[in-house]
Amino acid sequence: MSSGVKTLILMRELPEKAFYASACGDNCAPWLLRIAAQEDRTVNLRQIMDFGLGKEK
């Protein structure tokens, strides 16, 4: 499993923790948004992640 997938699983299961989301690639961005749509999460992001906001799919 990639470090991004592991981080996403932990984010989902441990909402009280803060996570280093820089381990996630841009392919994790839609999943981060899905998790955030359900509940608030705290992440540390030290890179610019392409969330695709403003783009139509």
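Structure values in brief
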read-out	value
Principal axis dimensions, largest first and in whole angstrom, of the chain by Cα	32, 23, 21
Helix 3-13 vs. the chain, principal-axis angle (Cα, 0 to 90°, nearest 10)	70 degrees
Mean Cα-pair separation over length for region 1-49, i.e. relative contact order, pairs under 8 Å, 6 or more apart, %	42 percent
Amide H contacts of Phe19 (H built 1.01 Å from N, under 5 Å, at least 5 apart or other chain)	Thr42, Val43, Asn44
The chain: angle of helix 29-38 to the longest principal axis, Cα-based, in degrees nearest 10	60 degrees
Loop-located GluC sites (Glu not before Pro) in region 1-41, at most 16 other Cβ atoms within 10 Å (DSSP)	Glu16, Glu39
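Throughout, read-outs are computed from the coordinates displayed, never taken from laboratory work. Just so it is clear, the structure is predicted and the values come from calculations on it, not from any experiment. Don't worry about glycine lacking a Cβ; one is built from the backbone with ideal geometry, like all the others, and counts go over all protein chains shown.
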